[in-house]
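Read the figures in this text as sums done on the coordinates, not as results from a lab. No experiment lies behind these values; they were computed from the predicted model shown. Neighbour counts run over all protein chains shown; Cβ positions are idealised from the backbone, glycine included.
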């Protein structure tokens, strides 16, 4: 759980949406725009199990994790 809390603290630096997460298909999705996140924080988030998502047209859309998601 420590890694999840560390990741959420990083995400908080880039926004505080009212409904920031959801799960689908064994993925945890976090609604933070990857273009706002620094490259340094993206490296840390990757080590914690989060990666920029893709909405199907090649653009980044939030962050996802297979490590923390389950449904």
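Of the residues that sit in segment 15-35 and are in a loop (DSSP other than H, G, I, E, B) and over 11 Å from the mean Cα position of the chain (by Cα), which one is nearest to residue 69 (Cα to Cα)? Out of the qualifying residues, it is 26. Reported count of residues in segment 36-54, each being in a helix (DSSP H, G or I) and surrounded by 12 or more Cβ atoms within 10 Å (Cβ to Cβ), is 6.
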